[in-house]
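Single-structure report; data block below.
The values are calculated or read from the model by the stated rules, or taken from the named source; none is laboratory data. Keep in mind it's a predicted model, so treat the numbers as computed, not measured. When we count neighbours, we look across all protein chains shown, and the Cβ atoms used for this are built from the backbone with ideal geometry, even at glycine. Calculation scope for accessible area: heavy atoms of the full protein, side chains included, ligands and nucleic acids excluded. Shrake-Rupley method; radii C 1.70, N 1.55, O 1.52, S 1.80 Å.
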Amino acid sequence: MLSQVTPRSVINNVIVAVLFGVVVPYVKAFEYLDQFLLLPYSFLSLFFVVPMVVDSVFASPARGVPLGALFRSAGIGWFTGLCVLWMGIATVSWRSGRLVAPPVAVGLSLAVMSLFACVFVAALSAWTANRTADAATAKSRLRIGFLLLLVAFFALPRALHEDTTAALLQYLTPEGLVRITLILAPLAALGAVALLTRPPRR
């Protein structure tokens, strides 16, 4: 989405910001601050990272892994996603007439998880781009994969046993999010290193 500054990309970004940063939080109100909703919201950054990385790979002469562009895309995508998330919090605060925000532990955990997820997805996007014929195909595969994960996230609790669901919901508390962040952040970093050290397909 942020890969090229064109009128179409600007319009798309404005639509995303208004829809997820204003409309949805306004409709959900305080429900927007539920960790079950904030968690997938914090990974909205990934949809901004993918097109930037894929385009940078196809723009490089050797179709390699441009590390500078990769980390720059991860940083911009992460910051953009957090801006949309906090636009939502500002919208809920404006509607309620007072400042409301998630606990500090929740905000920090979501920011850290989102950052490491952006680095991993940037590496995954470069890996995928080097194994597809064109940028459109690479972006399509990655976006479909993310959408399937999002659907699974919301559908999984209904398919699991109540005891299993209750055990998983423990990770949606502030303490649980801190614990899962300490596990997932290093795993995402190791996954990114593993993908980046794989030689690109010629």
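Working only within segment 86-130, note down all residues that are at pLDDT below 90 and either of a type in the set (Asp, Glu) or in contact with a Ser or Thr (Cβ under 6 Å, 6 or more places away or on another chain) (or both).
Within segment 86-130, Leu99, Val100 meet the criteria.
Only one of (1) under 25 Å from Ala136 (Cα atoms); (2) surrounded by 17 or more Cβ atoms within 10 Å (Cβ to Cβ) is not met by Gly21, so which one is it?
Going through (1) under 25 Å from Ala136 (Cα atoms); (2) surrounded by 17 or more Cβ atoms within 10 Å (Cβ to Cβ) one by one, Gly21 breaks only (1).
Can you tell me which residue is farthest from Gly88 (Cα to Cα) among those in segment 110-136 that are among the polar types (S, T, N, Q) and open to solvent by 10 Å² or more (accessible area, probe 1.4 Å)?
First pass over segment 110-136, keeping only residues among the polar types (S, T, N, Q): 114, 125, 128, 130, 132.
Then drop every residue that is not open to solvent by 10 Å² or more (accessible area, probe 1.4 Å), which leaves 128, 132.
Values: Thr128: 32, Thr132: 36 Å.
If we take residues in segment 110-136 being among the polar types (S, T, N, Q) and open to solvent by 10 Å² or more (accessible area, probe 1.4 Å), then Thr132 is farthest from Gly88 (Cα to Cα).
If you go through segment 90-107 one residue at a time, do you hit one that is within 15 Å of the chain's Cα centre (by Cα) and open to solvent by less than 10 Å² (accessible area, probe 1.4 Å)?
Of the residues in segment 90-107, the ones within 15 Å of the chain's Cα centre (by Cα) are 107.
Filter once more, so that each one left must be open to solvent by less than 10 Å² (accessible area, probe 1.4 Å): none.
No, that holds for no residue.
Taking the criterion of being outside any helix (DSSP H, G or I) and at pLDDT 70 or above, would at least one residue in segment 166-173 satisfy it? Walk me through how you get there before you give the answer.
Taking segment 166-173 first, the residues outside any helix (DSSP H, G or I) are 173.
Next, from what is left, pick out any that are at pLDDT 70 or above: 173.
Scanning segment 166-173 turns up at least one residue that is outside any helix (DSSP H, G or I) and at pLDDT 70 or above.
Given the condition open to solvent by less than 80 Å² (accessible area, probe 1.4 Å) and either modelled with pLDDT under 85 or more than 19 Å from the chain's Cα centre (by Cα) (or both), answer yes or no: does some residue in segment 178-194 qualify?
Yes - at least one qualifying residue is present in segment 178-194.
What's the total number of residues in segment 10-42 that are touching a residue at least 40 places away in the same chain (Cβ under 8 Å) and of a type in the set (Val, Ile, Thr)?
The qualifying residues number 3.
Tell me whether segment 51-67 contains one or more residues that are open to solvent by less than 10 Å² (accessible area, probe 1.4 Å) and without any contact (Cβ under 8 Å) to a residue 60 or more places away in the chain. Quick ask: steps written out before the conclusion?
Of all residues in segment 51-67, those open to solvent by less than 10 Å² (accessible area, probe 1.4 Å) come to 51, 53-54, 57.
This time we only want the ones that are without any contact (Cβ under 8 Å) to a residue 60 or more places away in the chain, so: none.
Within segment 51-67 (the criterion being open to solvent by less than 10 Å² (accessible area, probe 1.4 Å) and without any contact (Cβ under 8 Å) to a residue 60 or more places away in the chain), the answer is no, since none of the residues qualifies.
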